[in-house]
Every structure is written in C-alpha cells, then in structure tokens.
1. Identify, please: which residue in the stretch 117-152 is open to solvent by less than 60 Å² (accessible area, probe 1.4 Å) and assigned to a strand (DSSP E or B) and is, among those, farthest from residue 90 (Cα to Cα)?
2. Which residues, taken from the stretch 65-98, are of a type in the set (D, E, K, R) and either buried (at least 17 other Cβ atoms within 10 Å of the Cβ) or in contact with a Leu (Cβ under 9 Å, 6 or more places away or on another chain) (or both)?
3. If you take the residues in the stretch 93-116 that are touching a helix residue (DSSP H, G or I) at 6+ places or on another chain (Cβ under 8 Å) and in a loop (DSSP other than H, G, I, E, B), which one is farthest from residue 26 (Cα to Cα)?
4. Mind checking whether some residue in the stretch 63-80 is in contact with a helix residue (DSSP H, G or I) (Cβ under 8 Å, 6 or more places away or on another chain) and more than 24 Å from residue 29 (Cβ to Cβ)?
5. Can you pull out every residue in the stretch 113-149 that is closer than 26 Å to residue 81 by Cβ and of a type in the set (A, V, I, L, M, F, W, C)?
6. Test residue 57 against the stated conditions and say whether it is open to solvent by 40 Å² or more (accessible area, probe 1.4 Å) and not polar (S, T, N, Q).
7. Can you find even one residue in the stretch 81-91 that is part of a loop (DSSP other than H, G, I, E, B), over 17 Å from the mean Cα position of the chain (by Cα) and either more than 26 Å from residue 29 (Cα to Cα) or not acidic (Asp, Glu) (or both)?
8. So how many residues does the stretch 25-64 have that are charged (D, E, K, R), outside any strand (DSSP E or B) and in contact (Cβ under 8 Å) with a residue 40 or more places away in the chain?
Amino acid sequence: MERNSKNIQNIGKYSEREYKHNKDVLEVFETEHNRSYMINWDCFEFTSICPVTKRAEFGKIKISYIPNELCLEGTSLKLYLASFRNVRIFYEDIVYVILNDLIEILNPKYIEVMASCNPSEGISVSPYANYGLKNTSYEDFAFEKLKNQGIS
C-alpha cells in the first residue's frame, strides 16, 4: 500500500524558530493551611536541547517548596516543564531559570530545584539551587541547606 505524503512538509526540515520555555502556563491556587509544609514535585522525564551539540538531553527535575500563600497547580507545572523540550539550554542554567520563574509566581517561603541529567559519555551533572524568603528564617535555612550540599 502506497501512502500519500505530499502534504507532509515539515519533517526533516531545520527550524530557525527561537524556542523558549513558557512560564505563562503556570497556574497557582491559594493555600488554606496556616502551618509551614513542604511540597515535592518530581519530573522523571525532563527533556531539553544541548546548546552545543543540538542533541536532546534527558534527565529529572525535582522541585521542593514551602508555600507562602500560593501553591502550584500540577498540570500547569507539567506543561511548563514540557515547554523546555526544544529549548537550547545547559542543565546548569535550567535550575536557575525554573527557580526564578517559580519565585516570581509563588513568592514561596523556601524553594529548591535540582536537576539530574542522564549520563552522557559516562558523566552526569546534578545542579542545585535554592532560595529562602528575604529577612526571614527561611533565608538562613536556604544558606544552611546550600552549605550542606557541599557549598559554602
């Protein structure tokens, strides 16, 4: 059986489109709890593009945060993380981009983002970044947590 493929025009073509992640898909809702509590999100299928080799890189992203007044809606987080699929970005930069976007939308008491890139040629990278709300004990907590990661 012969297939008619004359209408397929984009497969195999290089795109000059500038790919960017989409933080506009992130949605939040108000927390109803008065105590501090930690929310953990794990994305086991994170993908982006290496800006040097232009090849897909696969890995994991872990986001943990203590809400202030707002919480992330899960499906919007999934769409946000998926928007990195065609973005040319180093894993070392991904944690900062995600961290800054989430600080902007959530204003959390505390947040940390860790990426773990699948090994390439026997080497894996696992960048980590965190933030504690300024002028609170969470700012000190963030510094101590970073210090315990082996960085001072």
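1. Selected residue: 132.
2. 69, 73
3. Only one residue tops the list, namely 109.
4. No, there is no match, as no residue in the stretch 63-80 is in contact with a helix residue (DSSP H, G or I) (Cβ under 8 Å, 6 or more places away or on another chain) and more than 24 Å from residue 29 (Cβ to Cβ).
5. The answer is 113, 114, 115, 117, 123, 125, 129, 133, 141, 142, 146.
6. yes
7. no
8. 1
The values are calculated or read from the model by the stated rules, or taken from the named source; none is laboratory data. The structure displayed is predicted, hence computed values, not measured ones. Cβ atoms come from the backbone with ideal geometry, glycine included; neighbour counts cover every protein chain shown. The area values use the complete protein model at the heavy-atom level, side chains included, leaving out ligands, DNA and RNA. Shrake-Rupley method; radii C 1.70, N 1.55, O 1.52, S 1.80 Å.
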